[in-house]
Amino acid sequence: MLKVEEYKHQAETCVRCSYCKFPDLNYIKSSRFSRQCPIDTRYKFNLFSAHGLLHTALAELDGKLTFTPQLMNALWQCTLCGGCDIRCKRNLDVEVLQVIETLRCRCVEQGQGPMPEHKRMAASVKKSHNIYGADPKDRLKWLTADIKPARKADILYFVGDPMSYRRPELAQATAKILEKAGAPFMLLPDEWSSGHELFATGQLKPAREVAEHNVAAIKASGARQVITSDAEAYKTLKVDYPRIMEKSTEDMPYTILHITEYIAGLLKDGKLKFNRRVPMKVTYHDPCNLGRLGEPWYHWEPKYEPPNIAVGKKWRRGYDGIYEPPREILRAIRGIEFIEMERVKDNAWCCGYGGGVGAAFPDFAMWTAGERIAEAMTTGVEAIVSCCPNCKDLLGAAAEPSGIKVYDITEIMLRAIR
Amino acid sequence: MSIPKEAYQTLQSIVGAEWVSDDPAICEADRYCSLSDPTDEKRRPGCSIEPATTAEVQAIVKLANRYKIPFVVTSTFYGAGTYCRKDDSILIDLKRMNQLEIDKDNMYAIVGPGVPFAALQADLLKMGLFTFVPGCGGQSSVVANTVNMGDAPLGWRHGLGYQRLLAVEWVLPDGDILKMGSQSMSDDYFWGEGPGPDLRGLLRGCAGHQSRMGIITRIGVKVFPFVSEALQPEGWAYHTFMNLPPNRFKWYNIRFPSRKEAIDAIYELGRCEIALVVMTVPPIFRGVARSRGVGCGGFWEYWKEASGKLNRKQEDLRVLLYGIGSDKRLEYEEKVLLDIVKEYDGSAREAPCRDETNFMAADAICANVVGGRFASEVSYESISQAVTYARVVDKICDEHRPPILQEYNTTDWVCPYELGYIAKMECLRMAAVEDNYALQEWKKEVEAACAEKGAYALVPDNKVFGPVWGNYPEKEDAIRAAFDPNHISNPE
């Protein structure tokens, strides 16, 4: 959460050029898919855009505006996908996404937010350390007899809530891939929710608690590397934990890798080969939390020199996320015909789930996913591959009428190395 | 006060409840758009409404007349003055009117006001056609920009935007619909000219009509043939560009000993009818281009070093050659260009064959990286007027409160269009965000001084004034009054 002075400065720097609503203009390939921001594309009113939210943030700060019903709609239907943020940074030095996140925090502080579904998640995390309210004893239920985590290993597999409780087959796939890659891994004896939804919905107090717990547990495990196949957990451990602890990613007592980074590294070093054909025509959907939001976090205490020089600040401009490893993997699998969609990498359209939207606004989330499916259909593929269990679920539901299948990349990798 | 309840309910019935709102946050977000003058008091609209059809626009405007409620129109919201100056206005946002049809064979497009240039350009490029993205950016509205001046560096060869305006569908301030050009005879947008006087001149001009003459709901716009090869984008968001086919395009950066030689060379380029883009390059533009991805701090790091080495007399020119129709044409243009450069003592250096800011992005907004805000004085006239005006503005600037950036060669940008027949002079001044108000006050001082000296000037509300403009402002007011008897179409 930005401090008030910095929050105001960032919001004031917006010049309302509307660039935040578009993919990088040089990359636009058709009028049909020429938009970037889901809320802007669906609702059109300027409030439903980054510049609209930045302007209303100022008005709210100045006491000229309260959290009206439509401001609540715009603020909480934003998927926090970050497209606006890196687009703006082409031309200006503005932390667009941090202003929107801070506006959410202010809304929570004033008792106006978050949405009831988000509050329920926080209550579940408090009670049972996962967002679903499931029995914490069931966290390791995904483990099958043929998967043998080590008691002690350099690699720690952070599973995350969705794969622990809702998508056990993806956790199993991840574990089996690690085993086949000859990478012994351990699990946390008491993994808690990553807290991704808590951070996204401005519930910082419980978010800090889970961060402190998980960081201490990772430290105690002695692991040198944390690997996850959950894009949301990846971003949370890489970005949100250091951020709330006022540190940089590099200062954390662990390094975090997405499974695709790890496997792509092995492929490059010749230590792993995909030995089975997977005949399939696929496209790849970049999860926001792995791509433009997956850049390392750099802690910075605001310090300016005139006219607007942020002294010593390292900017996150969207290029340092995880874009290539999943593509390298797909290209390395025999039989895969890989075709890109129009909006890819830092220009990718959000699946619609992020920012707590999937839980609180399922209809809008489904509309957003439907837009992505429409884009995928223009490529003529039979399947979409992604790296996030929530992307898979939402896109999968939206894709049902089209007949397009949606896979997590771990499922494809496992088929290729069996 | 607010919009009368009965009127609001009627608005809901016109567009559907989902597309009109008097929620304070929605209205607050529509309070002002980009480039609006911070010293001008901007009012929160009484409601914002998003019509989808011309019939809906017409019904809204008729209702506004019935209740005498002021209305202001906007679309892609990157505008130059379309914000509410009166309490409880209706803000009509045309983003939903995004109809786009391209007639490839006859090389024109029919566009609604919600279509941004980048969307049109993307579809055109796939068909081997193209249009000119204006300097303000590909996110701006095709309709709004075309019925305005339509300023784009690509206008050197094919003309400014207003030259491309064909048939027009226009909801007048009283709610009547006027169809111009071939629209007046049939549902056809191919011809700009039609029976009777051509009223497009009422819309066009340097600052356009600023939504004070009603609402343009659809236009036909001329497009041009282009290379069939796809332009390949490259780079990450903070610095992207499109690779141009090297057999058909060449960029040259040319340095002349002084502005005089550069201007003479521009005239010669026009006489020889070559090149797609010709523009002078103020040193600050180079600084901005080099600070891609490194922000304000990176700009100043570059600038502190570069400004000390500047030769203030020299003038840089940037020229894009385009082999229209064939590779041979490119070879010919290159020979002619290099001859001209030699004749006027310039030195030419070929630049990478790629485009960052002309075909799609054209993001003039990047100039804000210098400090956060900029203000600019703009004139459109002949090249000689641009040069003279630049001198006047520079002198006046020296006599007034200095802008934050002083230490560079020329502060003014001369951009010739239409093979040198017309030119823009834009004088940019930068400031920090917190100095924006002072910057605009300074701008007004400069404008007033320009007007006193008989130079071109635009006052707030984008009205031209000054002795050189005779009685134009009065006549313009009279025309507006005739079209808008209730004085409700974006009133001052």
Quiz item: Under the definition of Cα pairs under 8 Å and six or more residues apart, what whole-number percent is the relative contact order of chain B?
Solution: 15 percent
Self-check item: Sum of side-chain charges, B:W413 neighbourhood, beta-carbon under 13 Å (Lys, Arg +1; Asp, Glu -1)
Solution: -2
Practice problem: Take peptide A:303-315, look around each residue's Cβ out to 10 angstrom, count Cβ atoms belonging to other protein chains, and average those counts. | Solution: 5
Quiz prompt | Ordering of B:301-308, B:315-322 by burial proxy (mean other Cβ atoms within 10 Å per residue, highest first) | solution = B:315-322, B:301-308
Self-check item: Kirkwood-based shape ratio for chain A, expressed as Rg/Rh from alpha carbons
Solution: 0.95
Exercise. Using Cα pairs closer than 8 Å and at least 6 residues apart in sequence, work out the relative contact order for chain A, in percent.
Key: 17 percent
Quiz item: Quick one: what Rg and Dmax do you get for the range A:53-108 from the alpha carbons, in Å?
Solution: 11.4, 32
Quiz item: Using only helices, what value at 222 nm comes out for chain A when you add -39,500 (n - 2.57) per DSSP H run of length 4 or more and divide by the total residues, to the nearest 500 deg cm²/dmol?
Solution: -12000 deg cm²/dmol
Quiz item: How high is the FRET efficiency between B:E350 and B:A289 when r is their beta carbon distance and R₀ equals 25 Å, given to the nearest 0.05?
Solution: 0.90
Quiz item: How do A:T379, A:T66, B:T131 line up, fewest other C-beta atoms within 10 Å first?
Solution: A:T66, A:T379, B:T131
Quiz item: What are the lysines whose alpha-carbon lies under 22 Å from the alpha-carbon of B:K126, with same-chain residues fewer than 8 places away excluded?
Solution: A:K29, A:K345, B:K104, B:K222, B:K250
Self-check item: Taking the convex hull of Cα positions in chain B, its mean projected area over all directions (nm²)
Solution: 22.8 nm²
Self-check item: Rg/Rh (Cα only; Kirkwood hydrodynamic radius) as it applies to the range A:103-200
Solution: 1.08
Practice problem: Enumerate the whole-percent occupancy of each 10 Å bin, from 0 to the last occupied one, for all C-alpha pair distances of the range A:166-210. | Solution: 23, 34, 29, 13
Quiz prompt | Projected-area average for the range A:312-351 over all orientations - Cα convex hull basis, square nanometres | solution = 3.9 nm²
Quiz item: Taking the Cα-to-Cβ direction at B:I479 and at B:N247 and moving 7 Å from each Cα, how far apart do the two end points lie in nm?
Solution: 4.8 nm
Quiz item: Cysteines of chain A lacking any other cysteine beta carbon under 4.7 Å?
Solution: A:C14, A:C17, A:C37, A:C78, A:C88, A:C105, A:C107, A:C387
Practice problem: Neighbouring Cβ atoms within 10 Å as the yardstick, rank A:H196, A:H55 fewest first. | Solution: A:H55, A:H196
Quiz item: Peptide A:7-16: average number of partner chain Cβ atoms within 10 Å per residue?
Solution: 4
Quiz prompt | Reach of B:K444 by Cα under 28 Å, taken over lysines that are not fewer than 8 positions away in the same chain | solution = A:K8, B:K42, B:K86, B:K395, B:K424, B:K453, B:K463, B:K475
Quiz prompt | Alpha-carbon centroid distance for the pair the range B:128-162 / the range B:50-81, whole angstrom | solution = 24 Å
Quiz item: How high is the FRET efficiency from A:R418 to B:F224, r the C-beta distance, R0 45 Å, rounded to 0.05?
Solution: 0.20
Quiz item: Among A:397-409, A:228-240, how do they line up from the highest to the lowest mean number of other beta-carbon atoms within 10 Å?
Solution: A:228-240, A:397-409
Quiz prompt | Pairwise FRET efficiency - B:L178 versus B:N471, Cβ, R0 = 30 Å, nearest 0.05 | solution = 0.70
Self-check item: Rg/Rg_ref, the range A:356-418, where Rg_ref = 2.2 N^0.38 Å and atoms are Cα
Solution: 1.15
Quiz prompt | Coarse-grained scattering of the range A:79-158 at q = 0.12, 0.16, 0.26, 0.27 Å⁻¹, given as base-10 log I(q)/I(0) from a Debye sum over alpha-carbon atoms | solution = -0.67, -0.86, -1.17, -1.21
Self-check item: Geometric extent, Cα atoms of the range B:1-117 - Rg, Dmax (angstrom)
Solution: 15.1, 53
Practice problem: Could you check how many percent of all C-alpha pairs in the protein assembly as shown are farther apart than 47 Å? | Solution: 27 percent
Quiz item: Once the Cα gyration tensor of the range B:158-211 is diagonalised, what are the square roots of 5 times its eigenvalues, in whole Å and ordered largest first, as equivalent ellipsoid semi-axes?
Solution: 18, 16, 9
Quiz item: How far apart, in nm, are two points set 7 Å out from the Cα along the Cα-to-Cβ line at A:T255 and at B:E234?
Solution: 3.0 nm
Practice problem: Translational diffusion coefficient, Stokes-Einstein: compute it for the range A:1-156 using the Kirkwood radius over C-alpha pairs as Rh, at 10 °C and 1.306 mPa s, and state it as an integer in µm² s⁻¹. | Solution: 88 µm²/s
Quiz item: If you look at just the Cα atoms of the range A:287-418, how large are its Rg and its Dmax in Å?
Solution: 17.6, 59
Quiz item: What average count of beta carbons from other chains do you get within 10 Å of the Cβ of residues in B:359-370?
Solution: 5
Self-check item: Residue of A:G355, A:G222, A:G82 that the Gaussian network model of chain A assigns the largest fluctuation, springs spanning Cα pairs under 10 Å
Solution: A:G222
Quiz item: So what's the gap between the Cα centers of the range A:247-266 and the range A:88-122, to the nearest angstrom?
Solution: 26 Å
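Bear in mind these aren't lab numbers, they're just calculated from the coordinates by the rules spelled out. What you see is a predicted model; the values in this text were computed from it and never measured. All Cβ positions, glycine included, derive from the backbone under ideal geometry; neighbour counts span all protein chains shown.
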